[in-house]
Amino acid sequence: MKNIKSHFEMNLHFRNGIFLLSIFLFILVIGYYFLIDYKEPKTIALSELVQFQKQVEGLQNDIALQEKTYTLRPFNPNFISDYKGYTLGLSVVELDRLYAYRNKGKWINSVTDFKKVTGVDDAILQRIAPLFKFPDWKKNRANTVFKKRRKKTKKKFLQKRDLNTVSVQELQEVINVPEFVAKRIVKYRSRINGFVHISQLKDIKGLYPYHQKKIKELYQVSSQKKIKKINVNNAEVKELLEVPYFDFEIALDIRDFIKTNGAISDLKELGKIEGFSLDKIDRIALYLTVK
């Protein structure tokens, strides 16, 4: 029994061979992992990262270029791109109207033309109209027409025209105000039964200061109705409602204020009434008195 050998026993040479084979296989596995399975993905990942970084830099450059190109500055309204129209607040429909008009070979030569063609909202037009820049030949032509018209007006009337008789067309041609603003002037004039003083032009929404200046140079209020000023200290609500700047609530507040605090000696004292603004006190004074 002692002479029986185990079938797991190996001689020295065989054990050495197995040991060397194990070392070889271990080195082979490590080499495969680092040289093939590890390094190749690393190279691919780095390449993709570089490409992605270039794309990001390209997008950043495009955005910077767009911001630089489309900063709001004076522009010719005949040439408005889709992006430019978007930054200005124009709708797709309004831009399509402009493009259709231009495709017919027609040109936008004034703010009034732009309003007619696009139908843009007045609030947006007031904001972007000062940025309109027409060609020099258009400016020269407009100046020539204005000078001729002004010279003809001076020759014909020898004095300033009456603001209470001026028409929408005349305001457009002589003062070069947009049609919708000219209509507002005439409509407001009718609502207050004629201008009492030229300072009431301040009440016209959308009428720029330089337009007011031109109107004052060429026009005056010479045919206003005779205004009998109302004594605010003893006026009834019905009488106060005749002032264009008062509604029923304000008229009621004024009457109650004076009844509670007594007569006032200066119209500016009305500023003590809650919600009463003194911004238009100079025009209100055209209709009221304290005596």
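The values are calculated or read from the model by the stated rules, or taken from the named source; none is laboratory data. Nothing here was measured: the structure is a model prediction, and the numbers come from that model. Cβ placement follows ideal geometry from the backbone for every residue including glycine, while neighbour counts extend to all protein chains displayed. The accessibility values were calculated without ligands, DNA or RNA, using every heavy atom of the protein model including side chains. Shrake-Rupley method; radii C 1.70, N 1.55, O 1.52, S 1.80 Å.
Give me the aspartates and glutamates in straight-line cross-link reach of K133: C-alpha distance below 16 Å, same-chain residues under 8 apart excluded.
D113
Is the shape of the range 250-291 rounded, prolate or oblate, going by the alpha carbon gyration tensor and its root eigenvalues a ≥ b ≥ c, with a/c under 1.5 for rounded and a/b larger than b/c for prolate? It would help to have the intermediate numbers written out before the result.
Working: a/c = 1.77, a/b = 1.24, b/c = 1.43.
Note, shape of the range 250-291 comes out oblate.
Sticking with the crude label model, points 7 Å out along Cα→Cβ, report the distance from A123 to I264 in nm, one decimal please.
Taking the two extended label points, one gets 3.2 nm.
Take the solvent-accessible surface of the protein heavy atoms, probe 1.4 Å, and return the percent of it on the range 83-124 that carbon and sulfur atoms account for. Walk me through the numbers on the way to the answer.
Details: 1240 of 2260 Å².
With neighbouring chains kept in place, the figure for the range 83-124 is 55 percent.
Please identify every one of the trypsin sites (Lys or Arg not before Pro) in the range 187-256 that sits in a loop by DSSP and has no more than 16 other beta carbons within 10 Å of its own beta carbon. The partial results should precede the final answer.
On the way: sites: K187, R189, R191, K202, K205, K213, K214, K216, K225, K226, K228, K229, K238, R255; in loops: K205, K225, K226, K228, K229.
Taking the range 187-256 and a limit of 16 other Cβ atoms within 10 Å, the loop trypsin sites (Lys or Arg not before Pro) found are K205, K225, K226, K228, K229.
Calculate, in nm to one decimal, what K104 and E274 gain on full extension: separation in residues at 0.36 nm each, minus their alpha carbon distance. Show your work: numbers first, answer last.
Working: separation 170, 0.36 × 170 = 61.20 nm, distance 5.66 nm.
Difference between extended and current length: 55.5 nm.
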